[in-house]
Every structure is written in structure tokens, then in C-alpha cells.
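What follows is calculated from the coordinates using simple rules that are stated; it is not laboratory data. Quick caveat, the model's predicted, so the values are computed rather than measured. Please note: Cβ atoms are built from the backbone with ideal geometry, for glycine as well, and neighbour counts cover all protein chains shown.
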Amino acid sequence: MELLRSWGTAPDVVLGHSVGEFVAAYTAGVFGVADAARLVAGRARLMQALPSNAGGSGSDSADGGGGRRAGGAMAAIEGSEDEVAEILTGLGAHIAIAAVNGPRSVVVSGDEVAVERAMATAREQDRRASRLRVSHAFHSPLMEPMLAEFAEIAASITYRQPNLPALSTVTGGLVGEEDWATPDYWVRQVRRPVRFHDAIENATRTQGVTRLLEVGPDPVLTTLAQSALDVAAVSALREGCDEAVTVLTAVAELFVRGVEVDWGAYFAGAGGRRVDLPTYAFQRQRFWLPDLAVSRRDAPGTADGGEAAFWDLVERGDADALAGRLGVGPAAPLDAVLPMLSDWRKRQREQSELAGRQYRITWKPVPRRATARLSGTWLVAVPSETGAAYDDVVQALRASGAEVIVVPVADADTRESLATRFRAEDAEPTGVVSLLTSTVTTLLLVQALADSGTGARVWCVTRSAVSLGSGERLANPEGAQLWGLGRTVALEQPDRWGGLIDLPDDADERSLARLAPVLAATDGEDQVAVRPSGVFGARLVRDTAASDDTDSWWPRGTVLVTGGTGALGGHVARWLASSGAERLLLVSRRGAEAPGADELRCELADLGAEVAFAACDVGDRAAVREVLDAIPEEAPLTGVVHTAGVLDDGPATELTPDGLPASSRRRRTPPAICTS
């Protein structure tokens, strides 16, 4: 601690685990270094004099592995404090809970036979239980013979009130005036359980702690804290690692997370000096590494999949297949084939260049700790009309340790009414889970939370809205709209957005149990699909199959373009016509009366396409059905390109319910009609 202080790194809050609490008290100025040494040495001497386990650790620690005999035993058992206390019922007075390290991580200590029986009972309940390698049964009734003599040592020490906030691992709360500064506290501390989880949770909640530094021989507490809380935790030492490197690495990790470090003091006498970092990329110099895949594709003599297939046909002399690839008849003369060959070559080059820039989303397994727990208050927004349909999710969150407050949201709710309800909540929520199925109500929820000043992150949970592969059928594809909205909010409000989670439509118990570990994770995974087989995260990868045009679609028959007289629709229509479309059906609100419709008809006719216009609101199912029924049988519908939409964009905080449905409705309905 003195070394860290010499570098300008001082703690704002302190707490300690078991014997580490003496170090925390010393750091807070409760006693001087001589008194601290007298207390720790006396405590260790008296404990060592008790019956011990031959060859045991000798360490007063509630964490370790293995186990021996004689002076009692300790074991780590998976479960809550209440569950483990129930296991200990009837095992006698010589066993007790020694430490509560996490929401489901408890250590028991005492008579060896009783500890072995507790472990056996836990394993019968499918709980993990492991014997710890220790010399004594610390924090158990077996410590009582040394308490009287240790009380005499504790009474000889000079105490002061702590000079900075501190958490007691005896009570789990803030250190009071009658705690660290009294001899009785340190006597009770030997026997009482270590309430590390309560203390670390109070540090983050009541004291606003976001960064933890463990000063100890190995990162045991760092692991415990990270598994239970959303905090940055680093360890000053690691067994088997160079101490100087490990300490400096820990300080550097804290520094990049906002902790002040006096680098001048650290480099004093070493000749270190500040230097300017390289300037930003505004120098217009390119530092991006070359794309090897594109380089290989552009290299002379290298053919992509489509080109290789074409020249394979040439080498095999397959005239019929070659003519089909070029789009001409088998008997076409050479003067007809050459222009088509030139067009094909140009088209292939453009497609190859485009393929090098195409990406797709894939899903990769994401490991999650099955024992991860939630803590604090979580708001769960559900549709008021069908809220009971989401009881399984609510129950899963409660079973994982969250205090759940269900917030019904009705179609009649407004941004202002929801914000008022959120302001009225007594407790600041740890997180918000939205089970709303409407983009409008989800948008209002996000806006209201921001208006109310609620700092908790929002997670949007859908059911069967995204597919992990071609074999997975979507039960609620309309839920993809929520993923579009969520990705937008994530970019605009990264500090308020948690992420998107997709559950199976009929989520089983295993899938629901995986929800809490996803919400509790701190690795930045914000687009996640939970399935019975595991948890999967979205990844953007290069589409390596994009350059192979073996299955490319070429327009034939009638191709319908919604918004066909608009700027985007007209551009698509020109591409379709130049690609061989025989008939184009351009649908828009005004049809042939739209400005520029006649000019577009002439332009498309010059490209060889027959053009028909239809005035239709593509949000009207019946009207669209009439348009589809009018398509001639000799030119059947072979494709639909949907470009219709109303531009009413803006940041999510400024969108209104009146503006969102217009765009959302028009973009959602046509696919439903065309697949009916």
C-alpha cells in the first residue's frame, strides 16, 4: 500500500477479506504499522497453537483446494447462504458458515466429520462442493479456545477512527464508530463469517465503487468480484509471476480506467520524460493493412469462383452450358456471342469487386457462467394486454436473484406518462428488460427512461425474431423490427443501451436459465441469441461465397418494384431492365401520374423492358392483392423489390409515435402479402 501511495494511487474505499481486513484497517489509519504487526502476529501465533492439519496450508483463507485431517476442515459449497444453512441443520454446534463470497458461493468450516457430511448432502442436491486445503478450520467454533488470549492482545492496541470510507466484512455494511476502532470487533472477527459479498456489493451500490484493486498474493477476490458484479477488478500480485511487472500492470490497468497515477514520482531518477504520441490520421496517410483476400482476387491469373466455372465450361467445350451462362441460344453465331461475352466479362468483374466488400452476419457460441447471478432491482416492461404471457421470463429473473418490478405498458401510454411512472420508483434500477413487442411502445420506453434520468441500461428481449441458420424457422419475424430499432439506439445512446436478446418462441427451462448470465455479463456482447443448445453472439464476417454467381438471380417475367417511381425505385428499375427483365410493374401511390413517370417508361423501354404502372398503397392488403391478380399469366411474377417508404428520420430521442408507424407499416406489410 505504501508503494502504491508513493505513486499517487490512493484508495477511496477499503475493505478486506479475513486477515486482509487488518491491512484495510491499517490503510485507513485505524492503527500504526507496529500495532498492525502485533495484532496479526499474535492472531497467527494463537491460531497456530490450536490442533492443526499436518502439512496444511497454515493460511487464514476461505479459498483454496484439496484438504487433510486433524484440526477441522473447510469446504466450498455452491448455494445461497440460506440454502447452505439448511444443509448444516442437524450437523451439530461444531460447524458453521465461514464466508459468503458470492450470491451462490459459501464456505463452511468446523469439525471434519460434519464438514464431510455437509459436502455429501450438497452433492446429493447436485451442488458443487470441494474441500479446501487449510491448516485450521478458520472462522468456526474451533477458533474459540484462542479468543480470550487474543482479546488481551487486541486490548493493548491504540485505535483511531478510519480516515476514509470502509466496509466491514463482519457486518457487510459500512464501518461504524464501534467497529474497527474497538478491540471487541477484532475478537469477533476471528469467529464470525466473512461477509465479503455483502461488503463488495455495498461498496459498489452505496459508495459508487467501479474499480477494484486486490492487494494480495493471488487474484482470488478479483475473480469473486468479477463473477458477481459489473466492475473492473485487477490484482496487484499473481503467484508465479514477476512481482514488479504484475504490480505495474495493475497500476496501468487502473490508470486507463481513470485512476490518477503520479507518473513523475514513478519515473523519478530514471530519466523518463513525456513524449508526444503520433498525430491522428488527419495526415491522410493510410495505415490500414492490405486486404489479403481482395489482393489475391485482384492478382493477375487469379480467377474467383464464378470466373473459374466459366472458363471450365470453355475448356470442356460445353456449348449448351456456355450459351446458357451467357444468356444466348445454343446456335447463336460468333458475332452474337462476342458482345454477350464482353458484357459477361464486365459484369463478372463488377461482381467480383463487389463481392470483396460484402459481409454477412453469422452466430458464434459465447461462453457464459451458468452460475452467474443478478442483483438489485430490475424493471421488466411487458405489454399490459398480454403481460401474463411473459411470466416465465419474470420468474427466471427472480430465480437468478433479481428483485423484479413488472411495468405494464399499454398502447395508450405516452412518453410523458411512462417517464412519470419511472420517476416515482423508489429504488434506482440496476437494469431494465423490455419484453414489449411493438416498435412504438419500445421507442416510448427508451425515450421515457432517458427523460426520467434513469441510468440503468435497457435490454430488449424478443422471441424467435432472428435466425441462427437456414434451418431455423422464425416464429416472429416481425420482431426483427425491434432489432433494427435496438441497433440504432445502441449507436445513438451507448451509455443507456444494454443489448438485444432473442429467446426461442417456446423457451424451455434451460433457455430461460441462460438469460440471467447474459444480462450479468460484462464483455460487451449486445446482440445475443439464446437457444437450448447454448448462447450465441452475432458476428460480422466477410461473405466468402459472394463472388460465386452459380446461383445468381437474373430477372425474368414480371418483377414488381414498390415505390417504383421514386428515386430509389427508378434506379432499381433501370438495373432490372439492363439485366434482362422482360416486364416491370412499378407500384407507387400515384402510379402513372407520378412526376417523371413518362420519362422513366421511355428510358426503361429503350433498355428492352415492358413497363406497367399501378397506383396503390402497399400498406393496403386488398389493394395489393388486386395488383397481383392483374399480372398476366404469360409474364408471371418472379420477383419483388421493396423500395417504398416514408422518410421521417431523426435521432431516437426525437422520433414521435405518429412518425414511426407510417414508415414501419409500409416497410413491414408487403413481404407478408407476397408470401401469403
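Please get the size of the charge dipole for region 148-189, origin at its Cα centre, with Cβ charges of +1 on Lys and Arg and -1 on Asp and Glu, quoted in debye to the nearest 20.
140 debye
What is the calculated FRET efficiency for Arg369 to Arg273, with r their C-beta to C-beta distance and R₀ = 56 Å, to the nearest 0.05?
Efficiency at R0 = 56 Å is approximately 0.80.
Please find the FRET efficiency linking Asp343 to Asp230, where r is the Cβ-Cβ separation and R0 is fixed at 41 Å, and quote it to the nearest 0.05.
That gives a FRET efficiency of 0.10.
If packing is taken as the average count of other Cβ atoms within 10 Å, what order do 491-498, 129-136 fall into, highest mean first?
129-136, 491-498
Please report the net charge: other residues with Cβ closer than 13 Å to the Cβ of Gly79, K and R +1, D and E -1.
That works out to -2.
Using R₀ = 22 Å, calculate the FRET efficiency as 1/(1 + (r/R₀)^6) where r is the Cβ-Cβ separation of Asp495 and Thr223; round to 0.05.
The pair Asp495/Thr223 has a calculated efficiency of 0.25.
Can you list residues from other chains, or at least 5 along the same chain, whose modelled amide H is less than 5 Å from the amide H of Val194?
When sequence neighbours closer than 5 places are left aside, the close amide H contacts are Ala99, Val100.
What is the gain in length, in nm to one decimal, between Thr249 and Arg45 on full extension, counting 0.36 nm per residue of separation less the C-alpha to C-alpha distance?
70.0 nm
Once you place label points 7 Å from the Cα toward the Cβ at His571 and Ala10, how far apart are they in nm?
That separation, rounded to one decimal, is 6.1 nm.
Tell me the net charge near Ala236. Cut-off is 14 Å between Cβ atoms, Ala236 excluded, with +1 for each Lys or Arg and -1 for each Asp or Glu.
-4
Could the peptides 513-521, 461-469 be put in order, highest first, of the mean number of other beta-carbon atoms found within 10 Å of their residues?
513-521, 461-469
What is the extension gain from Glu353 to Glu509, computed as 0.36 nm multiplied by their sequence separation minus the C-alpha to C-alpha distance, in nm to one decimal?
This chain segment gains 51.4 nm when fully extended.
Of the peptides 529-539, 33-43, how do they stack up when ordered by the mean number of other Cβ atoms within 10 Å, highest first?
Taking the mean over residues of other Cβ atoms within 10 Å, the ranking is 529-539, 33-43.
Points 7 angstrom from Cα along the Cβ direction at Asp242 and Ala37: gap in nanometres?
A separation of 3.0 nm, rounded to one decimal place.
In nm, what is the difference between 0.36 nm times the number of residues separating Thr638 and Asn476 and their Cα-Cα distance?
Once the chain is fully extended between Thr638 and Asn476, it gains 55.8 nm.
Summing Lys, Arg as +1 and Asp, Glu as -1, what charge do residues with Cβ under 9 Å from the Cβ of Asn476 carry, Asn476 excluded?
Surrounding charge for Asn476 is -1.
How far apart, in nm, are two points set 7 Å out from the Cα along the Cα-to-Cβ line at Thr386 and at Arg621?
The answer from the label model is 1.6 nm.
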